[in-house]
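Written out below as structure tokens is the structure these notes cover.
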Amino acid sequence: MKVLIVDDSGYYRERGADIQRKLGNEVFFAKDGYEAIDQYRKVQPDIVTMDICMPNLDGLDASKEIVKDDPKAIIMICSSAGHIYKKQAYKNGALYILKKEYDEYDFKSALYELDLIKKEEL
């Protein structure tokens, strides 16, 4: 699986990459919303983990643009304040809110839940 990790913090990009690599996923990075849109178009990842608060273009607006290009995009918003932005995140195309300090179990649980949603919609 290809995972695009979008975060302006190098710490969180590397932390997320460590988790994804442990799960056997191929990892790509972006540091802001504009890079996220560009990388999404180039890489066509299976999943995007997206921070909200970033310079230049935030994660909410970047999610909206990505979903405009690809309505089937799977975007997980990662934020310690995700509950504050939850409604807007879902409105802009996010399918899941992950806590900022997510671990392997949290990510696998999110994938499981997203797969159930897809199966029910078929």
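Values quoted throughout were computed directly from the atomic coordinates according to the rules given, and no laboratory measurement underlies them. Computed from a prediction, not measured in an experiment: that's the story for all the values here. So basically every Cβ, Gly included, is an ideal-geometry build from the backbone, and we count neighbours across all protein chains shown.
Restricting the calculation to Cα atoms, region 1-52 shows an Rg/Rh of 0.93 when the hydrodynamic-style radius is the Kirkwood one. Cβ-to-Cβ counts within 10 Å put Cys53, Cys78 in ascending order as Cys53, Cys78, the fewest first. Can you list residues whose amide H is under 5 Å from Leu57's amide H, if they're 5+ apart or on another chain and H is modeled 1.01 Å from N? Placed amide hydrogens put Gly33, Tyr34 under 5 Å from Leu57. May I ask you to list the aspartates and glutamates whose Cα is less than 15 Å away from that of Lys86, ignoring any residue fewer than eight positions away on the same chain? Filter leaves Asp51, Asp58, Asp61. Shown here for region 1-109: GluC sites (Glu not before Pro) in loop regions (DSSP other than H, G, I, E, B) with at most 13 other Cβ atoms within 10 Å, namely Glu101. Converting phi to 3J(HN,Hα) with the Karplus coefficients 6.51, -1.76 and 1.60 and the offset θ = phi - 60°, region 85-95 yields 9, 3, 4, 5, 4, 5, 4, 8, x, 5, 9 Hz in sequence order, with x at every glycine or proline. Charge dipole (Cα centre; +1 on Lys/Arg Cβ, -1 on Asp/Glu Cβ; no other charges) of region 1-106 amounts to roughly 300 debye.
Extension gain, His83 to Asp18: 0.36 nm times the residue separation minus the Cα-Cα distance gives 20.9 nm.
With contributions of -39500 (n - 2.57) from each DSSP H run of at least four residues, the per-residue ellipticity at 222 nm computed over the chain stands at -16000 deg cm²/dmol.
Exposure proxy shown here: for Val3, Val48, Val67, the number of other Cβ atoms within 10 Å sets the order, fewest to most, as Val67, Val3, Val48.
Footprinting exposure proxy ranking of Phe29, Phe107, fewest other C-beta atoms within 10 angstrom first, gives Phe29, Phe107. Given R0 = 35 Å, the distance between the Cβ atoms of Ser109 and Ser9 translates into a calculated FRET efficiency of 0.95. The phi torsions of region 64-76, fed into the Karplus equation with coefficients 6.51, -1.76 and 1.60 and a -60° offset, translate into couplings of 4, 5, 5, 5, 4, 6, 9, x, 8, 4, 9, 10, 10 Hz, rounded to whole numbers, with Gly and Pro shown as x.
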